[in-house]
Amino acid sequence: MQKISAVIVEDSRLARQELKELVKEHPEIEIVGEAENVDDAHKLIENTNPLLLFLDINMPEKDGFQLLESLDEIPVVIFTTAYDEYAIKSFEYNAFDYLLKPINKDRFAKSIKKLLPILEEKNNAIETKKLNADSQIFIKEGEQCWMVLLKDILLFEIVGNYTRVYFEDKKPLIYKSLNQIESKLPEHHFFRVNRQQIINLKSIENVTPWFNGKLKMALKNGSEVEVSRRQSQKFKQELEF
């Protein structure tokens, strides 16, 4: 199976480091980010869309439960905490496991072993839900409705809590996160250029080098998008001979 993307949310730097050391023993898991408070964690999870979340409960200002309540889609959760009194409440949030600090290495390994087949099934479910370029999708904004071929959409772009969809001369807003949309798109037809935008690769008119190793793309509808440094490297790796 492909690597399991994971995020660590923990206010203690030492505890984050200890978790990362435990994860090193399990190459199936890839840590794609870490956060020390709920607000930063919410942004990180929306941007990276991880399959797995290692989550502390007691944090400054807001706790781990409040983070879960704020998410549109909740990853598989393993709570990591120094307190056992939240155990019952944690399973009300469908937590996969509840690990007490200091986390025992063998206990952690047993949890991951049980988790792998569940995440493999989750990965397969995501793949079967993916659309293809010729899929026809329904878009509604207010009283207006459209049936659009996915391959005719040029660009998806975050606007506050909405996503703007560009096709023909239209650009309606839909109430879905960019991560929700990305999870259904065919990977070889669309590309996430930065945190705010996903483009149709067929819509690229030209690509030019930009500052600090970044790329800039001109699209066929006249729009220009700036590709983040990380995604510029990925774009080159995937599309170069």
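Would it be correct to say that L99 is closer than 23 Å to R13 by Cα and either part of a strand (DSSP E or B) or among the β-branched types (V, I, T) (or both)?
yes
Scan segment 7-23 for residues that are free of Cβ contacts under 8 Å to residues at least 60 places away in the same chain and under 20 Å from F96 (Cα atoms) and the total you get is 5.
When you scan segment 121-143, do you find a residue that is part of a helix (DSSP H, G or I) and touching a His at 6+ places or on another chain (Cβ under 9 Å), even just one?
no
In segment 24-50, the qualifying residues are those that are open to solvent by 20 Å² or more (accessible area, probe 1.4 Å) and touching a residue at least 40 places away in the same chain (Cβ under 8 Å), and the one that is farthest from K184 (Cα to Cα) is E25.
With respect to the stated conditions, K114 fails to be surrounded by 12 or more Cβ atoms within 10 Å (Cβ to Cβ), basic (K, R) and closer than 22 Å to V76 by Cβ.
Selection of segment 190-223 for residues being touching an Asp or Glu at 6+ places or on another chain (Cβ under 7 Å), assigned to a strand (DSSP E or B) and more than 27 Å from K130 (Cβ to Cβ) yields K216, A218. In a residue-by-residue description of segment 41-53, the property of being basic (K, R) and within 18 Å of the chain's Cα centre (by Cα) applies to at least one position. Looking only at residues of segment 179-212 that are of a type in the set (A, V, I, L, M, F, W, C), open to solvent by less than 30 Å² (accessible area, probe 1.4 Å) and out of contact with any Lys or Arg (no Cβ under 8 Å at 6 or more places or on another chain), we find that the one that is farthest from V227 (Cα to Cα) is I181. Summed over segment 157-178, the residues that are open to solvent by less than 70 Å² (accessible area, probe 1.4 Å), within 23 Å of S70 (Cα to Cα) and in contact (Cβ under 8 Å) with a residue 12 or more places away in the chain give a count of 8.
The values are calculated or read from the model by the stated rules, or taken from the named source; none is laboratory data. Predicted, not measured: the structure shown is a model, and the values here were computed from it. As a convention, Cβ positions derive from the backbone with ideal geometry for all residues, glycine included, and neighbour counts pool all protein chains shown. Just the protein is used for accessible areas: all its heavy atoms, side chains included, with ligands, DNA and RNA removed. Shrake-Rupley method; radii C 1.70, N 1.55, O 1.52, S 1.80 Å.
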